[in-house]
Amino acid sequence: MKLAIQHTMLSGQTLEERFQKAAQYSFAGVELAVGGFSGSIFEHLEEIQSAIRNSGLPVSSICTTRADDLITPDPAERAERKANMIRLLQLAEELGATGVVCVPIRPPSRLPDLSPLGSEDDLIEQLLVITLQEIIAETADLDAAIFLEPLNRYETRFLRTLSHAARIGQKVGHRRVRVLADFFHMNIEETDIPAAIQSVSSRIGHVHLADSNRLLPGYGHIDFNAGLRALKQSGFNGWMTLECGIPGNPDKTLPESIARMRDYWKQA
Ligand code: LER
Ligand code: MN
């Protein structure tokens, strides 16, 4: 079980202090949240590298924000976002991270409905598949994956289930396009979380951990025992990253939550 935590969840004046904190809590890696850097993440390369070196913890993955979503109606902006995703994949590779989170589109971005030529969703999907194929072709020398993340209905209209993400991955037709299973979103959108995981098992490349109220696992009502069992039994061996709020004193609640997750994994 490879457990990581987003760097913005950790206390510390510097990135290195946050990495040290993650090591102290016995995490095996840290997920960088693009939105948690002043200016652009690309300006922080040395700081990130020295945090890795001095803490001994690797960067598991890079999580993006709305401004990084690939699909927007403006072609010039789309080209910029594609170039940005390519730079993020190069950064992930350089840092030894497994990949970059990708949400296709969130409000307020919309595409026009051009029915009968294509509905808004048809156009988004076609554009997304072509863009992902181009990104994969233009980064053919890299291993870093693109983790397609379904969100819940209050954050996006377009991609909300693991099965839809798996279908898009299949259309792109490359092993570097993987599915991200985020428990918080799955709790809202999937009928049955373990079944959803099992049905796309070989395509899952990354996991985000948060409970139903987006607090630490154990503080809401998601059955993590069943969810982690489904992941383990389907052979998942990627990173699981905490992306949630921390109730109470982190020095107490974080280790308790991680210990419970580790127990579930061991017993699965
Ligand atoms: C957003 O809710 C989310 O889950 C992130 O991983 C991507 O922005
Ligand atoms: Mn997430």
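The values are calculated or read from the model by the stated rules, or taken from the named source; none is laboratory data. Because the structure is a prediction, the values reported are computed rather than measured. Here Cβ is always computed from backbone atoms with ideal geometry, including for glycine, and neighbour counts include all displayed protein chains. Just the protein is used for accessible areas: all its heavy atoms, side chains included, with ligands, DNA and RNA removed. Shrake-Rupley method; radii C 1.70, N 1.55, O 1.52, S 1.80 Å.
Taking the conditions (1) farther than 25 Å from Asp113 by Cβ; (2) more than 13 Å from ligand 1 (Cβ to nearest atom) in turn, Ser163 satisfies each one other than (1). On inspection, Arg214 passes the criterion of being basic (Lys, Arg), in contact with a Gly (Cβ under 7 Å, 6 or more places away or on another chain) and within 13 Å of ligand 2 (Cβ to nearest atom). Of all residues in segment 80-128, those that are of a type outside the set (A, V, I, L, M, F, W, C), within 16 Å of ligand 2 (Cβ to nearest atom) and either touching a strand residue (DSSP E or B) at 6+ places or on another chain (Cβ under 8 Å) or modelled with pLDDT under 95 (or both) total 3.
Filtering Gly12, Gly56, Gly35, Gly29 for residues that are in contact with a helix residue (DSSP H, G or I) (Cβ under 9 Å, 6 or more places away or on another chain) and buried (at least 19 other Cβ atoms within 10 Å of the Cβ) leaves a single hit, Gly29. Tell me yes or no: at least one residue of segment 184-201 is at pLDDT below 95, away from ligand 1 (no atom under 16 Å from the Cβ), out of contact with any strand residue (DSSP E or B) (no Cβ under 7 Å at 6 or more places or on another chain) and open to solvent by 20 Å² or more (accessible area, probe 1.4 Å). The answer is yes; a qualifying residue exists.
When segment 169-183 is filtered for residues that are open to solvent by 50 Å² or more (accessible area, probe 1.4 Å) and more than 15 Å from the chain's Cα centre (by Cα), the ones remaining, listed by number, are Gln170, Lys171, Gly173, His174, Arg175. Consider His221 carefully, then state whether it is surrounded by fewer than 20 Cβ atoms within 10 Å (Cβ to Cβ), more than 20 Å from the chain's Cα centre (by Cα), away from ligand 1 (no atom under 16 Å from the Cβ) and assigned to a loop (DSSP other than H, G, I, E, B). Yes: the conditions hold for His221. Give the residue that is most open to solvent (accessible area, probe 1.4 Å), with candidates limited to residues of segment 103-153 that are free of Cβ contacts under 8 Å to residues at least 12 places away in the same chain and either of a type in the set (Phe, Trp, Tyr) or under 26 Å from Ala196 (Cβ atoms) (or both). Only one residue tops the list, namely Gln126. The set of residues in segment 195-214 that are out of contact with any Lys or Arg (no Cβ under 7 Å at 6 or more places or on another chain) and not small (Gly, Ala, Ser) comprises Ile197, Gln198, Val200, Val207, His208, Leu209, Asp211, Asn213, Arg214. The residues of segment 144-180 that are among the acidic types (Asp, Glu) and under 18 Å from Leu89 (Cβ atoms) amount to a single one, Glu149. Scanning segment 157-168 for residues being surrounded by fewer than 23 Cβ atoms within 10 Å (Cβ to Cβ) and within 15 Å of the chain's Cα centre (by Cα) gives a total of 3. When restricted to residues that are assigned to a helix (DSSP H, G or I) and among the acidic types (Asp, Glu), segment 5-36 contains 2. The single condition from (1) surrounded by fewer than 16 Cβ atoms within 10 Å (Cβ to Cβ); (2) within 20 Å of the chain's Cα centre (by Cα); (3) over 30 Å from Gln24 (Cβ atoms) that Ile71 fails is (1).
The condition (being without any contact (Cβ under 8 Å) to a residue 40 or more places away in the chain and closer than 22 Å to Leu57 by Cα) is satisfied by just one residue among Val179, Val207: Val207. Taking interchain pairs and intrachain pairs at least six residues apart, which have beta carbon atoms under 7 angstrom, with the first residue in segment 241-268 and modelled with pLDDT under 95 and the second in a helix (DSSP H, G or I)? Pairs found: Ala268/Leu228; Ala268/Arg229; Ala268/Lys232; Ala268/Gln233.
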